[in-house]
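Here the structure comes first, spelled out in structure tokens, and everything after it is commentary.
The values are calculated or read from the model by the stated rules, or taken from the named source; none is laboratory data. Keep in mind that what you see is a predicted model, and the values were worked out from it rather than measured. Please note: Cβ atoms are built from the backbone with ideal geometry, for glycine as well, and neighbour counts cover all protein chains shown. Just so you know, the surface numbers come from the protein's heavy atoms only, side chains and all, with ligands and any DNA or RNA stripped out. Shrake-Rupley method; radii C 1.70, N 1.55, O 1.52, S 1.80 Å.
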Amino acid sequence: MGNIFDLKDFSTSKIKSILDMAQFFCDGGITPTFSKKVACNLFFEPSTRTQYSFQVAQEKLGMKTITFSPFSSSLKKNESFYDTVKTFDSFGTDLLVIRHSKNEYYKALDEKISTPIINGGDGTGNHPTQSLLDLLTIQQEFGQLEDLSVVIVGDIAHSRVAHTNFDIMNRVGMHVYTSGPIEYSDSSMNFIPFSQILPECDVVMMLRMQYERHFQHHEFNPVEYNQKYGINHKSIAQMKSAAIIMHPGPVNRSVEILDDFVECKQSRIFKQINNGIFVRMAAIKYVLSGGIDDSFN
Ligand code: CP
């Protein structure tokens, strides 16, 4: 049994094995059944895609699922995060999927919680299964990851998707750039003006503004933002003909991407969501089976 907290804990060959397993499930390969197992999805922050795609993945694997509601739980009686997780651990459940606003919340749980944990997102830190589904989507499109160029655009500083993807995409041999408003940049993450890098990229990954993580208020005009840093008629014409548009969601239509282009032929946004099911099935199999079996190596 293991945990998935941070993709930095995984070698690239192990990550590629998880992607192979996800592709196997995507191709209709026989799914294992964990029919006696109970999964608890503990989302202390809002989520649509991650929370419910984990639930779909668990049900496809034959598991029972419990969806925790922070608003009707004993958190309202001042119970701590740790005691809440320890309570679910004490129920003898088989898997915990946790999202929390605190970066590296899992460090307070490691070694104290015996139930395997998959990180569904920690603050501005990590979103491992989002990065896995992003890699799967890119691999399906181009048949490879190595030597492809990607620009991640938007609120880089506050995005766990940007942080996880910047690391893992570099490690698998992609050329990774970040772009968007300078006030939301991270100088350690290969920042470059959008109009300069856009025509060079195979993958254009848009991010939303993470208002809930902003301590400082900056004036924000959605129309101006889209003109400078978004997908619109002008910027889409500057993309390579085979380039694809990605977004982890939720999308603020007509801010990051003009409404007309959210479902355009270059968009893989809903494909990403679909791949989330297979990646999460693979991640669950990984933690419940104690690794990858030989058929996926
Ligand atoms: N991509 C993502 O994490 O979306 P949700 O917040 O809806 O889970």
Region 36-87, subset within 13 Å of the ligand (Cβ to nearest atom) and closer than 21 Å to residue 112 by Cβ, residue most open to solvent (accessible area, probe 1.4 Å): 44
Number of the exception - residue 156 against (1) buried (at least 18 other Cβ atoms within 10 Å of the Cβ); (2) at pLDDT 95 or above; (3) over 19 Å from residue 128 (Cβ atoms): (3)
Qualifying residue in region 249-268 (condition: open to solvent by less than 10 Å² (accessible area, probe 1.4 Å), without any contact (Cβ under 8 Å) to a residue 60 or more places away in the chain, within 22 Å of residue 145 (Cβ to Cβ) and within 15 Å of the ligand (Cβ to nearest atom)): no
Every pair of residues 6+ apart whose Cβ atoms lie under 6 Å, when the first sits in region 112-134 and is under 11 Å from residue 287 (Cβ atoms) while the second is more than 13 Å from the ligand (Cβ to nearest atom) and at pLDDT below 95: 116/1
Filter result for residue 24 (open to solvent by 70 Å² or more (accessible area, probe 1.4 Å) and touching a helix residue (DSSP H, G or I) at 6+ places or on another chain (Cβ under 9 Å)): yes
Number of the condition not met by residue 144 [criteria: (1) under 24 Å from residue 26 (Cα atoms); (2) part of a loop (DSSP other than H, G, I, E, B); (3) open to solvent by less than 10 Å² (accessible area, probe 1.4 Å)]: (3)
In region 1-43, residue farthest from residue 85 (Cα to Cα) [restricted to those that are β-branched (Val, Ile, Thr) and modelled with pLDDT under 95]: 30
Residues of region 177-233 satisfying the condition of being more than 19 Å from residue 157 (Cα to Cα) and among the acidic types (Asp, Glu): 200, 202, 224
